[in-house]
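Laboratory data are not the source of any read-out in this text; all were calculated from the coordinates shown. In this text, all values refer to a predicted model and were calculated from it rather than measured experimentally. Ideal geometry is used to build each Cβ from the backbone, glycine not excepted, and the neighbour counts take in all protein chains shown.
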Amino acid sequence: MTLQTVESKDISLGNLFGDFYVVPNFQREYVWGTDQVEQLLEDINAEFSASNRDSDSEYFIGTIVTCLTEDGVYQLIDGQQRMTTAYLVLCAIRDHLSKLDGGEIGALTPQIAATAVDKQGRDVFRYRVTLQYDDSCGVLESIAKGEEFPRPKENTRSIRNILNAYETIRSFLEEQFKDETAVRRFYAYFTRNVKLIRVKTISIAHALKIFETINDRGVGLDSMDLLKNLIFMQATMDEFDKLKSRWKRLVDVLDKGREKPLRFLRYFIFAEYDVDRLREEEIYDWFSKNEKRCVYRRKPFAFVDELIGAAEAYTRFVKGENTDGSTNRYLVNIHALSGAARQHLILLLAGRWLSDSLFKDLSREIESLFFAYVVTREPTREFERKFAEWAKPLREVESKEELQEFLNEYFRPEKQTLAARFELAFWQMRQDSLQRYRLRYVLGKLTQYVNERAWGEETQGDLAQFLDPTIHVEHVLPQNPTKVVLSEFDKPDEAEEFIYRLGNLALAEEAINCSLGNKPFSEKRRVYKDSKLLLTKLISGKVSVGKHTAVNRAVDGFPVFREWSSATIEERQKALALLARRVWDMPRPKRITEAAHE
C-alpha cells in the first residue's frame, strides 16, 4: 500500500475551525497591517453583498500548507497571516454581537476554543489557533478569551500588529453591520461561503517543500521568508529551536535598524558573491541555484551567522558606526548625505574586513565619490552596478598599498569622468538644486573644511556640529529684500534670480542669523565678523591672524567682498566650486585640448 504524503482539501472556514492549529515557533511573526486586513474584509464583504443576488456566491482566500502532528493538531507552515486574521474575525464577531446585546451564536464559541481528547483520553482545553513564536506573548489568547483590553507585558511588533488587526476588524464590523441580524448573516457567509484549500503533509520538511512549490519559487512573495524556509529544510527537528533563535536575531537586527530585509539580502549578495545584477524578486531563486557557493545546506548555522554578522555591520554603517560600534566620521557624513539611498553599503560590506585605518580611508573615499554621483545626478542603477562590480577586487585588498591600487584603478578614473559635471553643478547650484538636508550637508562640509584647515581637525568635532539646528542657512541678499536692500543691489529687478544661488548662501550661528534679519549688506558685514565659521566670517572682509599662520593659509586666495552685487555672488560661487574640488578631492576637469593630447 502506497503512503499518501500529500492531501489537499477544499474547505470552508467553518469546517476549518473545527480543527486545531499551531503556528510553529520557527515561523515569522504576524506582519499584516491595516491595508492587508481591510483589503481581505472588503473583498469578502463585496462577495457577501453579491450573495443577496446569488446564494451560492463564494470567496476563495488561497491555500494553507500544514503538517498534522501525532496529537491531532495541524502545524501551519504557510498561511498563518490569513488564518490568524480569520480567527480574529471570529473573535471580533463574537465581541461585536456582545456590544449589540445580541444573543450568542452557538456554533461560534467552539470555533474559537473547544475541548479535545489527548492520547490518554483526557480532556484538553485548546484554542483553535495558537501562536508558538515568542513575540506573540499570549496576545491572541487574550483576545480569544474575550478580554476587552488585552495588556501584554511586552510591546513587540507582532503584538502591535495583532492588536491593530483586531481593532481594524472591530471598526469594520461596527461600520458595516449595525444590528444583530446583519452580523449573523455575515457570520453565516463568512463560515459557510469563504473557503480555502488546506494541504496536509506528513512532515514539516515535506510541508516546506510543498510551500516552495506552491509559491512558484518566491515570485511576488517575501524572499526573506522563503530563504528562511529553504534553510530550515536543512535542519532536523532537534535543531529547529536553535536555528529559529538565530534567525530571529537576524530579523531583529534589521527591524531595529529599520532596514529593508530584501535590500539587505540583495546588497549582501553583491558584496559577497561576485554578482552585479539582481532584482529583489530574483533573490530567492538566486539562493536556490547557488547553494554550493552559499553552503547553507551543508552549514545552515554558519550561513545564518554570516548573515547576522553582515546585518549587524550593515545597520551600524547606516548609523555612522564601524563594526565595533565606534563612530566613523565619514560614515556619519554619508548618513547626513544619503537619505534613503543605500548603494554605498555594497562597498562597505565588501570592505568590512579591512583594518580600522584602511576602513577609515575607504569610508572617506566612498563619501567623496558617493557625493559626486549625487551632485552630478548620476543614475543610481549605474553606480549601484559599478559598486557591485568593484566589490570583488575590494575583498582582495589587505594592505595600504593594495587599497591605493584599488582606488587608482576604480575611484580615480570615475572621479575624472565626473569632474566637469561636478564643477558645472557647483557653478549652477541653487538652494532648490538639492534636497534641503543635502544642501545643508554641502554648506556644512565647505564650512567644516575651512575651519579644520585653520584650527585642526581634532578641535572642530564632526560634521554634526555644522548641521546642528542652531546653525542656520543665511541668505546674504535676504529672501524678502526691503527697498533699502534693493537700493544697494546692482540688479534689483533680478534679485530673485540671485537670492537662492549657492554664492549667496552661508551658515551662521543662530544668534548671528537672528540679528541679521533683512538688513542690507552694509550692515550685515559688521555682524559676519563675529562668526566663528571662517567661511562666513570672510564675507565681512579679510581675515588675518599674525603672519604665516594656519588661519591665514586656510583663507588665502578666497575673495573678500566690500559690496554685495550680482557679480560678487557669481565670484563667490565660483570660489566655492574651486573649494568643493578640494573638499571632495575631485580632480581638475580635463578640457577639450587636454583630452585631445592623450
**Request:** Please report the relative contact order for the chain, taking Cα pairs under 8 Å with a sequence separation of at least 6, and give it as a percent rounded to a whole number.
**Result:** 11
**Item:** Antiparallel DSSP beta bridges within the stretch 6-214, as percent of all bridges there, nearest 5
**Value:** 55
**Message:** Can you compute the modelled spin-label distance between GLN404 and ASP324, with each label point 7 Å from Cα toward Cβ, in nm?
**Reply:** 2.5
**Spatially proximal aspartates and glutamates relative to LYS400 (Cα-Cα < 12 Å; intrachain offsets below 8 disregarded)** = ASP356, ASP361
**Asked** When a footprinting reagent is the concern and you count Cβ atoms within 10 Å, what order do ILE308, ILE346 take, fewest first?
**Response** ILE308, ILE346
**Asked** Using alpha carbons only, how many degrees (0 to 90, rounded to 10) separate the axis of helix 80-99 from the longest principal axis of the chain?
**Response** 70
**Asked** How high is the relative contact order of the stretch 279-420, in percent, counting Cα pairs under 8 Å that sit 6 or more residues apart?
**Response** 18
**Asked** lysines near LYS524 by alpha-carbon distance under 29 Å, same-chain residues fewer than 8 away left out - which ones?
**Response** LYS445, LYS483, LYS491, LYS532, LYS537, LYS542, LYS547, LYS574
**Item:** Sorted by Cβ neighbour density within 10 Å, fewest at the top, the residues PHE264, PHE172
**Value:** PHE172, PHE264
**Request:** May I ask you to order 285-292, 250-257, 88-95 by the average number of other C-beta atoms within 10 Å around their residues, highest value first?
**Result:** 88-95, 250-257, 285-292
**Request:** Specify the angular offset, from 0 to 90 degrees and rounded to the nearest 10, of the alpha carbon long axis of helix 34-50 from the longest principal axis of the alpha carbons in the chain.
**Result:** 50
**Request:** On a C-alpha basis, how far is the centre of the stretch 370-389 from the centre of the stretch 39-109 in Å? Whole number, if you could?
**Result:** 49
**Item:** All-pairs alpha carbon distance profile, the chain, 10 Å steps from 0, percent
**Value:** 3, 13, 19, 17, 14, 13, 11, 7, 2, 0, 0
**Asked** For the stretch 498-523 and the stretch 261-334, what is the separation of their Cα centres, given in Å?
**Response** 45
**Prompt:** If you stretched the chain out fully between GLU496 and THR482, how much longer would it get, using 0.36 nm times the residue separation minus the C-alpha to C-alpha distance?
**Reply:** 3.8 nm
**Request:** Would you mind computing Rg(Cα) / (2.2 N^0.38 Å) for the stretch 223-429, counting N as its residues?
**Result:** 1.08
**Asked** Taking other Cβ within 10 Å of each residue's Cβ, how do THR109, THR156 sort, fewest first?
**Response** THR109, THR156
**Request:** Could you give me the percent of Cα pairs per 5 Å distance bin for the stretch 6-214, shortest bin first, beginning at zero and ending with the bin that holds the maximum distance?
**Result:** 1, 7, 15, 19, 21, 18, 11, 6, 2, 0
**Gyration tensor verdict on the stretch 305-381 (Cα atoms; rounded if a/c is under 1.5, prolate if a/b is larger than b/c, oblate otherwise)** = prolate
**Asked** Against the longest alpha carbon principal axis of the chain, how many degrees, from 0 to 90 and to the nearest 10, is the axis of helix 261-272 turned?
**Response** 60
**Asked** Which lysines does LYS195 reach when only Cα atoms under 22 Å apart count, and residues fewer than 8 places away in its own chain are ignored?
**Response** LYS9
**Prompt:** What share of the DSSP beta bridges in the chain is antiparallel, in percent to the nearest 5?
**Reply:** 65
**Asked** So between ASN15 and GLN36, what do we pick up on full extension, going 0.36 nm a residue minus the alpha carbon distance?
**Response** 5.2 nm
**3J(HN,Hα) from dihedral phi, the stretch 521-537, Karplus parametrisation 6.51/-1.76/1.60, rounded to Hz, x for glycine, proline** = 4, 4, 8, 5, 3, 5, 8, 4, 5, 8, 6, 8, 8, 4, 5, 7, 4
